[in-house]
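Read through the structure below, which is laid out as structure tokens, and then see the notes.
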Amino acid sequence: MGKKCKKEKKVKGAEKTAAKMEKKISKRSKREEDDLEALIAEFQSLDAKKTQVVETTSSPPSPRLNASLSAHPDKDELILFGGEYFNGQKTFLYNELYFYNIKKNSWLKVDIPNPPPRRCAHQAVVVPQAGGQLWVFGGEFASPDGEQFYHYKDLWVLHLATLTWEQIKATGAPTGRSGHRMVLCKRQLVVFGGFHESTRDYVYYNDVHAFNMDTFSWSRLTPSGTGPLPRSGCQMASTPDGAIIVYGGYSKVKAKKDVDKGTIHADMFLLKKDGQEKWVWSRVSPSGVKPTPRSGFSLAVGPSSRIVLFGGVCDEEEDESLEGDFFNDMYLYDMTKNRWFAGQLRCPKSEKKKRRRGKKGDGEGAELGQDQKGEEEEGQAPVEVVKEIVADDGTVMTIKQVIPNPGAGTPSSDSEEEEGEEDEGEGAAAASVEPCPRSNAMATVKNGLLYLYGGMFEVGDRQFTLNDLYAIDLHKMDEWKVLVEMDPKTQEWLEETESEEEGEEAEGAIGGNDEEEDEESSDEESEEEDEDHPPVKAGESYPDYESRTEQYWLKLARVNMGPDAKEKKVVKVSHAMVKVYYDEHKSEPQ
């Protein structure tokens with residue numbers, strides 16, 4: 001009883017701390033968000049000028065992370081929305097919408113009037129009703145310098161049958177946040193956790209909210225029992241019987257002034273309905289081969305009521321330094337058996353039969369089997385694989401990854417589980433192709449296949465953002481297939497020490513590629529959309545354009561922010577607006 005009381009007090013204390021911190025940062029973050037709201041409004045004014053749906057056959061989306069990848073409920077398509085990209089100097093946010101045709105291995109970029117504002121770290125859930133719907137809640141917008149943040153609390157639905165966006169305005173929504181999780185549980189969208197960050201403070205959440213899809217109303221759930229501590233980036237899925245599983249996540253606290261200490265959570269909880277209205281938290285203790293501690297992993301719900309976990313990163317903190325170990329392994333959690341499995345690739349059946357024949361024979365066969373056994377045991381030791389990728393700027397990326405002991409197979413049925421235990425140690429064939437280690441990639445399952453897109457990893461102080469696409473059959477677990485290869489030419493990184501002039505020439509080269517290509521392919525449409533703003537002249541530098549149009553952007557910022565805004569803020573927002581507009585519309589030198 002004593003231990004239980006201590007745990008309950010710890011959870012309640014964390015909740016009180018979170019509530020105090022949220023109140024503390026609300027005033028500071030409000031000032032920052034006022035600055036960003038004008039910038040977001042400017043982006044929305046550009047989107048509002050689109051009057052019709054435009055579908056364009058496209059190359060794969062530019063590198064990004066913290067987007068959402070969802071499976072279309074009726075078609076063999078995947079839906080990619082939003083995301084972010086950082087090139088070392090500037091942060092890019094997206095509200096682009098892409099459809100990936102699985103059979104044709106092709107991308108379609110779809111521009112729809114009045115979309116949600118640009119964001120990352122949001123949540124998207126597909127609902128099969130009315131020809132299919134994609135529901136999007138929350139997320140984050142960052143200033144180009146990555147120093148200010150705006151956290152959304154809006155709810156949107158994309159009607160897939162008509163290709164129209166609709167904002168759902170309902171009272172009682174959760175506070176603005178990103179890194180939260182959202183799942184469909186019967187006729188409710190259930191939101192848990194997340195965080196809110198300002199320049200100097202942050203707060204992590206463990207509250208639970210539900211949006212009723214019949215009444216179009218929000219309600220805050222108050223489950224009994226001991227639930228998870230506040231966190232973001234956890235794994236969350238609906239069980240076959242209507243409960244919700246929550247696993248892992250990440251949070252941080254102030255260790256001392258200007259020093260944060262991060263916590264990687266590896267616990268699991270079940271949120272279940274008790275009667276008609278009440279919800280209850282309970283702790284879950286799964287068996288099997290559990291994932292090693294990590295954050296930033298990707299998640300999806302696979303066939304046979306199994307949750308799939310891929311990759312992630314484990315940050316090792318020493319004093320004020322931070323270094324991350326990135327993963328490309330896979331784990332599966334069986335919701336019906338409450339058991340984890342390591343997702344190792346399987347040997348072909350013909351190879352297994354050969355090995356069995358070697359084991360069962362006598363005489364020479366027995367000796368061969370003994371030799372083979374020795375080789376297999378030797379092969380079970382972790383293997384370090386080193387890959388080198390040369391980026392367009394000549395930087396050599398060295399990726400080290402450790403392939404663990406393949407003895408823990410990934411059974412997909414009871415009979416296969418027995419076979420897997422019998423053949424334990426015969427393991428997985430070495431994968432010739434596999435995704436490189438990464439965190440914050442996008443994952444979804446369609447027709448029993450896990451699709452993995454993008455994400456990022458770090459080498460030293462440099463961040464590499466990916467735009468590759470992989471798929472693996474979760475029934476066979478035999479091989480990864482590369483659908484889109486990573487292009488080393490997209491791996492640009494601008495050091496902070498580079499001159500502003502060099503930075504300006506390179507800014508937008510990656511994060512803005514798609515928009516610039518679209519403008520070139522539809523000049524007339526682009527000119528028509530931007531006729532209200534002073535156009536960027538051919539070859540015009542940023543300082544010249546800013547000087548020439550300064551009064552126009554000041555006036556526009558004043559209109560967006562209102563007459564009571566301080567002049568200093570108006571000037572700051574106008575500079576941000578002109579910079580964003582210039583980056584998106586500057587002409588490339590001939």
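The values are calculated or read from the model by the stated rules, or taken from the named source; none is laboratory data. Remember, predicted model here, so these are calculated numbers, not experimental data. Positions of Cβ are generated from backbone atoms using ideal geometry, with glycine treated the same way; all protein chains shown enter the neighbour counts. All accessible areas refer to the heavy atoms of the entire protein, side chains included, with ligands and DNA or RNA removed. Shrake-Rupley method; radii C 1.70, N 1.55, O 1.52, S 1.80 Å.
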Looking only at the range 111-130, decide whether some residue is surrounded by fewer than 22 Cβ atoms within 10 Å (Cβ to Cβ) and within 20 Å of residue 467 (Cβ to Cβ).
yes
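I'd like the full set of residues that are part of a loop (DSSP other than H, G, I, E, B), open to solvent by less than 30 Å² (accessible area, probe 1.4 Å) and over 15 Å from residue 438 (Cβ atoms), limited to the range 465-492.
Scanning the range 465-492 gives 474, 477.
I'd like to verify a number: residues in the range 169-183 that are under 14 Å from residue 209 (Cβ atoms) and either of a type in the set (Val, Ile, Thr) or surrounded by fewer than 18 Cβ atoms within 10 Å (Cβ to Cβ) (or both), how many? Even if it seems obvious, please write down each step before you answer.
If we filter the range 169-183 for residues that are under 14 Å from residue 209 (Cβ atoms), which is where we start, we get 170-177, 180-183.
Subset that is either of a type in the set (Val, Ile, Thr) or surrounded by fewer than 18 Cβ atoms within 10 Å (Cβ to Cβ) (or both): 170-172, 175, 183.
Matching residues across the range 169-183 total 5.
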Out of the range 200-230, which residues are among the small types (Gly, Ala, Ser) and open to solvent by 30 Å² or more (accessible area, probe 1.4 Å)?
217, 219, 224, 225
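Residue-by-condition table, conditions (1) in a strand (DSSP E or B); (2) among the small types (Gly, Ala, Ser):
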| site | (1), (2) |
| --- | --- |
| 226 | no, no |
| 246 | yes, no |
| 251 | yes, yes |
| 268 | yes, no |
| 271 | yes, no |
| 279 | yes, no |
| 283 | yes, no |
Residue tally, condition in a loop (DSSP other than H, G, I, E, B), of a type in the set (A, V, I, L, M) and crowded, with 21+ Cβ neighbours inside 10 Å, over the range 90-110:
0
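Among the candidates 262, 324, 312, which residue alone is on the phi > 0 side of the Ramachandran plot and in a strand (DSSP E or B)? Break it down into steps so the answer makes sense when it comes.
Working: 262 fails: on the phi > 0 side of the Ramachandran plot; 324 fails: on the phi > 0 side of the Ramachandran plot.
Only one candidate qualifies: 312.
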Taking the condition crowded, with 16+ Cβ neighbours inside 10 Å, farther than 28 Å from residue 39 by Cα and out of contact with any Ser or Thr (no Cβ under 7 Å at 6 or more places or on another chain), does residue 160 pass?
yes
Identify the residue in the range 59-88 that is farther than 21 Å from residue 132 by Cβ, assigned to a strand (DSSP E or B) and not charged (D, E, K, R) and, among all such residues, is modelled with the lowest pLDDT.
86
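Filter the range 548-585 down to the residues that are outside any helix (DSSP H, G or I) and open to solvent by less than 70 Å² (accessible area, probe 1.4 Å), then identify the one that is nearest to residue 147 (Cα to Cα).
Restricting attention to the range 548-585, the residues satisfying the condition of being outside any helix (DSSP H, G or I) are 562-566.
Within this subset, residues satisfying the condition of being open to solvent by less than 70 Å² (accessible area, probe 1.4 Å) are 562, 565.
Numbers: 562: 23, 565: 21 Å.
Among those residues, the one meeting the criterion is 565.
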For the range 285-309: of the residues being open to solvent by less than 20 Å² (accessible area, probe 1.4 Å) and in a strand (DSSP E or B), which is farthest from residue 248 (Cα to Cα)?
302
